[in-house]
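Student: The structure under discussion is supplied below as structure tokens; questions concerning it will follow.
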Amino acid sequence: MTQNMSFLRNFFLYKCLFALTFWSHVSLSVEDELFISVSNNLPEDGSNQNIKSLPLLYTKSKTNVDWVVIQNTTESLSLSEITDDNVKELLALLSNFRRGSRLQNLTLTNVSVGWNALMDIFQTVWHSSIEYFNISNVIQLSNIERYDFNYSGTSMKALTLNKIRITDLYFTQDDLYRIFADMNIADMTIADSEMIHMLCPSSKSPFKYLNFLKNDLTDFLFQKCDNLLQLETLILHKNKFESLRKVSFMTSRMKSLTYLDMSNNLLRHDGADVRCQWAESLSELDLSSNQLADAVFECLPVNIKKLSLQNNQISNVPRGMVELKSLEELNLASNRLADLPGCSGFTSLQFLNIEMNLILTPSADFFQSCPRVRELQAGHNPFKCSCELQAFIGLERQSGGKLFGWPAAYVCEYPEGSRGTELKDFHLSQLACNTTLLLVTALLLMLVLVAAVAFLCIYLDVPWYVRMTWQWTQTKRRAWHGPPGDQGLVLQFHAFISYSERDSLWVKNELIPNLEKGEGCVQLCQHERNFVPGRSIVENIINCIEKSYKSIFVLSPNFVQSEWCHYELYFAHHKLFSENSNSLILILLEPIPPYLIPARYHKLKALMAKRTYLEWPKERSKRPLFWANLRAAISINLAKADENCYEEVE
């Protein structure tokens, strides 16, 4: 079976090659040889198929051979290395393909011929069966001159010229450009050919598709041209256009134009008062990779449906400047936008590309303002992962998958610690991001703190201590800045006695007589006899404590219930710490149950817990020891003490 298949395949190939030599022979004596290569892609089952394409290559040879002409089953032909030496043979070959032949596609590559020879090639092709003619890498070698081109009776539909180099620097432009401008075909492409101009056709042109990419065309192209009424597609990619307004005027007379590619030019628009005039039929416009700024929105076709402004200098989409009610697709990638644009002027918008801009925290209400948008491309922006971004992150769930490229294209750029984190993995607590909740929480904590401080102040009687500290400070200030006799308090007493009025009998009958009239000659300061009339009680208390080495406190349940006793204890305790002295003597006249001591007497509790106090004995036999210990605690020699003990004046 395999041998039969191979036989059938070889037999079919032989028939095809035989047909090539059967059609006709042209006996030429030239220095070129034509090699034919047939694509060996016949089906394995040996089924019959026509040879669709034959590539041919001219190579140098010193042998005179017959020139083989391709038979009428070929639809596409490719020829390379065309020069002035073999161009006549090429013309002879092409003249065999008259209208009615099956050859439809011709490709010529690496052509180096003179102007007239090049035009002869075009003229021969024009009156052949060829419909699609592609010619690339052409070098025109002789002077350009007027050529009477006959456009009639052609099968041509499309012409593509790529990399055409004109060596003649001095010629009449009309002689060159008129040939191509008046071609009666639907599609024409002249690419990468350093073309600086193109004329408007002399009459109503059948052009529907013109592609002049990678040339040097400027704003003068097709200005005031009324003969391109059937043109639907115009591609001017990578040229040197500068004025968007002039481009709009160029299109205004192209009544059928639907697609215009002006990408990779030098277009600007300064927002001048002169309004732009676009073709009303224009529905797709590519203005990417230009130098357009925000003012471009003043100069756009009102009926545009698809608009690309990628890679420009747009920082804002002005609201209310223009209404593009038919716009469905908008590409604003690679600009300088800081936020998602609204849809107030684009009520029909369905697709928006805003990738690679400067968006840190995009608006979360985008889909609410743009309800018709089906796809949003907002990835590859320098997102700042913060509380403001939390709402946008939720858009993926709310939009139902309308964020194109989610989640890989949506990555945190700021802050540094979150860089590289995908937005779907970035989370902050509700408390951290809800300003109202945060303020309420902070206010509640502050209220709790204030309440706690107020409670402690009341419980510990802080206002009272503050008031007492202020009075003590004022008294000290008056003492130091008063009259000379009062400046610098001099110690006059061994001890100041602080007691409750209810315990005064014990103080007068027991304490004072035993200390002042007994051994030791103790001088005591008592409020009834030593307070200076005319001064406040607080000032007298402070002065007496300051003029005494020691302060004796007679403690009893009556003492803790006396406000003035509390004052005296506070000032004495203050002196204890300010002067770092051991000046307090505590006498426990009667036991004090802890529950009777008010909360503000916390200093008294601390003193009784840390310091040794003398307890008044009920047994008389123990009292001599009590007085001896008390005198020992007071035993200080006054610097200016009188030799005689203080005698109470009756």
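Student: Is at least one residue of region 91-108 touching a Leu at 6+ places or on another chain (Cβ under 6 Å), in contact (Cβ under 8 Å) with a residue 12 or more places away in the chain, assigned to a helix (DSSP H, G or I) and among the hydrophobic types (A, V, I, L, M, F, W, C)?
Tutor: The answer is no; no qualifying residue exists.
Student: Turning to a different aspect of this structure: Going by the structure shown, is T167 assigned by the TED database to the domain that holds L103, under 57 Å from the mean Cα position of the chain (by Cα) and more than 18 Å from T189 (Cα to Cα)?
Tutor: It is true that T167 is assigned by the TED database to the domain that holds L103, under 57 Å from the mean Cα position of the chain (by Cα) and more than 18 Å from T189 (Cα to Cα).
Student: When you scan region 503-612 for helices (runs of 4 or more DSSP H) that lie fully inside it, which ones turn up with 3 or more residues that are at pLDDT below 85?
Tutor: In region 503-612, the matching helices (runs of 4 or more DSSP H) lie at 537-546, 563-578, 602-610.
Student: If you take the residues in region 215-245 that are polar (S, T, N, Q) and under 38 Å from the mean Cα position of the chain (by Cα), which one is most open to solvent (accessible area, probe 1.4 Å)?
Tutor: Checking each candidate, the answer is T218.
Student: Considering only residues of region 532-567 that are of a type in the set (A, V, I, L, M, F, W, C) and open to solvent by 50 Å² or more (accessible area, probe 1.4 Å), which is nearest to I592 (Cα to Cα)?
Tutor: Filtering first and then ranking leaves W564.
Student: Restricting the first residue to region 409-423 and requiring it to be over 18 Å from E355 (Cα atoms) and at pLDDT below 90, which pairs with a second residue that is among the hydrophobic types (A, V, I, L, M, F, W, C) and part of a loop (DSSP other than H, G, I, E, B) meet a Cβ separation below 9 Å and a spacing of at least six or different chains?
Tutor: Short answer, once both residue conditions are applied: P415/C385; S418/C385; S418/F426.
Student: Quick one: in region 189-214, of everything that is aliphatic (A, V, I, L, M) and in a loop (DSSP other than H, G, I, E, B), which residue is surrounded by the fewest Cβ atoms within 10 Å (Cβ to Cβ)?
Tutor: I196
Student: Also: Please work out which residue is farthest from the chain's Cα centre (by Cα), limiting yourself to region 351-375 and to residues that are surrounded by 20 or more Cβ atoms within 10 Å (Cβ to Cβ) and polar (S, T, N, Q).
Tutor: Across region 351-375, the extreme among qualifying residues is N353.
Student: Could I ask something else about it? Test each condition in (1) in contact (Cβ under 8 Å) with a residue 40 or more places away in the chain; (2) part of a loop (DSSP other than H, G, I, E, B) for I179 and report the one that comes out false.
Tutor: Tallying (1) in contact (Cβ under 8 Å) with a residue 40 or more places away in the chain; (2) part of a loop (DSSP other than H, G, I, E, B), I179 fails exactly one: (2).
Student: Filter region 121-160 down to residues that are among the hydrophobic types (A, V, I, L, M, F, W, C) and in contact with an Asp or Glu (Cβ under 9 Å, 6 or more places away or on another chain) and give me whichever is modelled with the lowest pLDDT.
Tutor: L141
Student: In addition: Suppose the filter is at pLDDT 90 or above, under 21 Å from L260 (Cβ atoms) and either in contact with a helix residue (DSSP H, G or I) (Cβ under 8 Å, 6 or more places away or on another chain) or open to solvent by less than 60 Å² (accessible area, probe 1.4 Å) (or both); does S315 pass it?
Tutor: Criteria not met by S315.
Student: Output the number of the condition that E194 fails; it satisfies all remaining conditions of (1) modelled with pLDDT under 95; (2) on the phi < 0 side of the Ramachandran plot.
Tutor: (2)
Student: Same structure again: With the checklist (1) over 22 Å from A186 (Cα atoms); (2) open to solvent by 40 Å² or more (accessible area, probe 1.4 Å) in hand, flag the one item E284 doesn't pass.
Tutor: (1)
Student: Then there is this: Do the conditions hold for I304, that is, is it part of a loop (DSSP other than H, G, I, E, B), of a type in the set (V, I, T) and closer than 30 Å to G320 by Cβ?
Tutor: yes
Student: N162 - would you say it is surrounded by fewer than 19 Cβ atoms within 10 Å (Cβ to Cβ), assigned by the TED database to the domain that holds E81 and within 21 Å of N239 (Cβ to Cβ)?
Tutor: Considered against the rule, which asks whether it is surrounded by fewer than 19 Cβ atoms within 10 Å (Cβ to Cβ), assigned by the TED database to the domain that holds E81 and within 21 Å of N239 (Cβ to Cβ), N162 comes out as yes.
Student: Where residues in region 262-271 are out of contact with any helix residue (DSSP H, G or I) (no Cβ under 7 Å at 6 or more places or on another chain) and either among the small types (G, A, S) or buried (at least 22 other Cβ atoms within 10 Å of the Cβ) (or both), which of them is nearest to F351 (Cα to Cα)?
Tutor: S263
Student: OK, next. Given the conditions (1) part of a helix (DSSP H, G or I); (2) crowded, with 22+ Cβ neighbours inside 10 Å, report the number of the one that A295 does not fulfil.
Tutor: (2)
Student: Another question, if that's okay. Please specify each residue of region 394-405 satisfying the condition of being buried (at least 20 other Cβ atoms within 10 Å of the Cβ) and at pLDDT 80 or above.
Tutor: L403
Student: Continuing with this model, one more query. Cβ-Cβ under 6 Å, sequence separation 6+ or interchain: first residue in region 331-346 and surrounded by 21 or more Cβ atoms within 10 Å (Cβ to Cβ), partner of a type in the set (D, E, K, R). Which pairs?
Tutor: Partner pairs satisfying both residue conditions: A333/E355.
The values are calculated or read from the model by the stated rules, or taken from the named source; none is laboratory data. None of these values were measured; they are calculated from a predicted model. Neighbour counts run over all protein chains shown; Cβ positions are idealised from the backbone, glycine included. Note: areas computed on protein heavy atoms with side chains; ligands, DNA, RNA excluded. Shrake-Rupley method; radii C 1.70, N 1.55, O 1.52, S 1.80 Å.
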